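Engineer: Got a structure for you, written out below as structure tokens; questions coming shortly.
Nothing in this text is a laboratory measurement; each read-out follows from the coordinates by a stated rule. These numbers were taken from a predicted model, which means no experiment stands behind them. Note that each Cβ is placed from the backbone with ideal geometry, even for glycine, and that neighbours are counted across all protein chains shown.
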Amino acid sequence: MLLPQKMKTAKISLLFVLAPCMAMIALPNLSGTARIVELHITLRTWVHPFKNSREWTAASFDQTIPSNQMAVVICDMWDKHWCKGATTRVEGLARRMQPVLEEARAKSILIIHAPSETMSYYANTPGRLLAEQAVKVNPPAAILPTKEPQLPIDDTDGGCDTAGDKQYKAWHRETPLLKIEPGDVISDDGHEIYSVLREHGINTVVMMGVHANMCILNRSFGIRQMTTWGMHCILVRDLTDAMYNPASAPHVSHSAGTELVIEHIEKFWSPSVLSDDLLKQLRTGS
């Protein structure tokens, strides 16, 4: 993919092992086949290697995370979006997301479905009750990261790249292409989700879904909020999309605009992982 600026890459060999933060209270596993493994995943971030320069360089590092200290949050993968282009891309993402979710469940990773503004559809379902009945935990005082500049794309027109689409509430539920299994949690409330994470001893949130420049960052359960509450967030960079219209600045392709947003998140909020790397570790983790 060609980007407006030439990307420099560097390999940093770092190993961070996350220590358990509290005892794990496991969700019931009805299949009886889930097991806990250590995942050794390669994450991408951006750094200033020369401290007298503000030039960014992409860097990768290795992280080891016990699977029972990790949750996957699926952000706003709705059944329909007001933008036809977004709906089409969500369907493609969902088909590639489903195998990752199946392997994650088998390795004791909590799955949280977060299709915002659709909770009435899921009223009284087991997944909603798991969220509603979790012991409420007050989040800590916000940890404020480095001051964040504006996003590198202009999405003030709504970001739709299919002509003629008008904004309205098109969604009613999560896409049926994603399965909600026993033990999965359903919520669109950040405080509720934070309480579930704390109840289960989880300190790492793997975020996938849409849209990187909007809901992924800005929801009450999104990367910005969870990071300021002390959670370690990881974006699955090939299982997300952006609301970006190439007719707007910086006038690059939709995919290039999405990559620019991902790089922004990596610079100022969280590292990212590729779904193939995550899936490989889920299948072969020790």
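Engineer: Pull up all non-local amide H partners of residue 242: gap of 5 or more, or a different chain, and H-to-H distance under 5 Å with H placed in the peptide plane.
Structural biologist: Answer set, sorted by chain and number: 212.
Engineer: Here's another thing I want to ask about it. Tell me, how many Å apart are the Cα centres for region 220-286 and for region 52-70?
Structural biologist: 13 Å
Engineer: Follow-up. Just want the ordering: 41, 143, from fewest to most Cβ atoms lying within 10 Å of their own Cβ.
Structural biologist: Ranked by crowding around the Cβ, least crowded first: 143, 41.
Engineer: Using θ = phi - 60° and the Karplus form 6.51 cos²θ - 1.76 cosθ + 1.60, what ³J(HN,Hα) does each residue of region 174-181 get, whole Hz, x for Gly and Pro?
Structural biologist: In residue order, the calculated couplings are 6, 4, x, 5, 9, 7, 9, 9 Hz.
Engineer: For a footprinting-style exposure proxy, rank 82, 269 by other Cβ within 10 Å, fewest first.
Structural biologist: Final ranking by Cβ density, sparse to dense: 82, 269.
Engineer: Pick out the long, greasy-scoring helices in the chain: whole DSSP H runs spanning 30 Å or more along their own axis by Cα, mean Kyte-Doolittle at least -1.0.
Structural biologist: Once both thresholds are applied, what remains is 84-106.
Engineer: As a quick test, which of the pairs 107/179; 84/179; 80/107; 51/147; 80/179; 80/280 have an alpha carbon distance above 28 angstrom in this structure?
Structural biologist: Among 107/179; 84/179; 80/107; 51/147; 80/179; 80/280, the Cα-Cα distance tops 28 Å for 80/107; 80/280.
Engineer: Report, largest value first, the span of the C-alpha coordinates of region 94-164 along each principal axis, in whole Å.
Structural biologist: Rounded to whole Å, the extents work out to 39, 38, 29 Å.
Engineer: From the backbone phi of region 210-223, what are the Karplus-calculated ³J(HN,Hα) couplings (6.51 cos²θ - 1.76 cosθ + 1.60, θ = phi - 60°) in whole Hz, Gly and Pro given as x?
Structural biologist: 9, 10, 4, 8, 10, 5, 3, 7, 9, 4, 5, 10, x, 4
Engineer: Average the reciprocal distances over every distinct pair of alpha-carbons in region 60-191, invert the result, and give the Kirkwood radius in Å.
Structural biologist: Computed over Cα pairs of region 60-191, the Kirkwood hydrodynamic radius comes out at 17.2 Å.
Engineer: Now for a separate question. From the square roots a ≥ b ≥ c of the eigenvalues of the alpha-carbon gyration tensor of region 187-271, which class results: rounded (a/c under 1.5), prolate (a/b over b/c), or oblate?
Structural biologist: Here region 187-271 falls in the prolate category.
Engineer: Going by the alpha-carbon gyration tensor, a ≥ b ≥ c the square roots of its eigenvalues, is region 241-286 rounded (a/c under 1.5) or, if a/c is not under 1.5, prolate (a/b greater than b/c) versus oblate?
Structural biologist: prolate
Engineer: Please arrange 46, 78 by how many other C-beta atoms lie within 10 Å of their C-beta, fewest to most.
Structural biologist: Going from least to most buried by this count: 46, 78.
Engineer: Percent of Cα-Cα pairs per 5 Å bin, from 0 to the last occupied bin, for region 164-228, please list those.
Structural biologist: Spelled out per bin, shortest first, that is 3, 13, 21, 26, 20, 11, 4, 2, 1, 0.
Engineer: Could you pull out every residue, at least 5 positions away or on a different chain, whose amide H is within less than 5 Å of the one on residue 116? Hs are placed 1.01 Å off N in the peptide plane, and Pro or chain starts have none.
Structural biologist: So residue 116 has HN proximity to 76.
Engineer: Here is a further query. Give the shape of region 49-128 as rounded, prolate or oblate, defined through the alpha-carbon gyration tensor: a ≥ b ≥ c are the square roots of its eigenvalues, a/c under 1.5 means rounded, and otherwise the shape is prolate if a/b is larger than b/c and oblate if not.
Structural biologist: Oblate, since a/c reaches 1.5 and b/c is not below a/b.
Engineer: Can you work out the Karplus-derived ³J(HN,Hα) for every residue in region 60-73? Use 6.51 cos²θ - 1.76 cosθ + 1.60 with θ = phi - 60°, whole Hz, and x for glycine or proline.
Structural biologist: For region 60-73, the Karplus curve yields 10, 8, 9, 10, 10, 9, x, 5, 7, 9, 10, 10, 9, 10 Hz.
Engineer: Take every Cα-Cα distance within the chain, group them into 5 Å bins from 0 onward, and report for each bin the whole-number percent of pairs it holds.
Structural biologist: Calculated P(r), rounded to whole percents: 1, 5, 12, 17, 19, 18, 13, 9, 4, 2, 0, 0.
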